[in-house]
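Student: Following this message is one structure expressed as structure tokens.
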Amino acid sequence: MSWLPRHSVLVPVDFSDASREAVRVGLELAEAPANVHLIHVLPPLDSISPGVVWGDITDERRAESVRAFFREFARREGLPAEVTLVVRIGDPGLDVAEYASECGADLIIVSSHGYHGIRRLLMGSTAERILRHAPCPVLVLRRNDEATG
Ligand code: AMP
């Protein structure tokens, strides 16, 4: 893998400080802001939750709210308007990889907790799942805001 500017860079975002840092790195490594894609994956609603059974909460409405929040996030972060913002409903590990294929990403940049051993087994790791399913190289940035276990 060369460290030349990437044609298409995908950054999964969970709105943490660490993923904001990953967005910054993505903008540095991409040829142009138009080649940067940010994705947030929203877990689907449980079909037996009260809001679904009795109310009018739908996955599409939730996704619309998150899209608005994402646009506001991009505005607050001062991101160029050419950056693509995507919201999907599903599993972050699988849907990030699927979108990476769709948008022809040649690099995914993700930040990760530095958990080890039993702590990682208990807490799981989204970064690890993304890495496992990714169709292209993944740059994992170690988070500074979490202690290792
Ligand atoms: P980890 O600390 O290994 O669980 O991975 C956290 C990183 O995974 C975050 O910084 C994001 O880059 C990514 N991530 C976690 N949840 C989501 C999500 N719902 N949608 C998109 N990316 C996510």
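None of the figures in this text is laboratory data; all of them are computed from the coordinates on show. The model shown is predicted, which means the values in this text are computed figures rather than measured ones. With ideal geometry, Cβ positions are generated from the backbone for all residues, glycine too; neighbour counts draw on all protein chains shown.
Student: How about segment 9-76: which GluC sites (Glu not before Pro) there are in a DSSP loop, with at most 16 other Cβ atoms within 10 Å of their Cβ?
Tutor: Here the sparse-neighbourhood loop sites are Glu31.
Student: Under the definition of Cα pairs under 8 Å and six or more residues apart, what whole-number percent is the relative contact order of segment 9-141?
Tutor: In percent, rounded to a whole number, it is 30.
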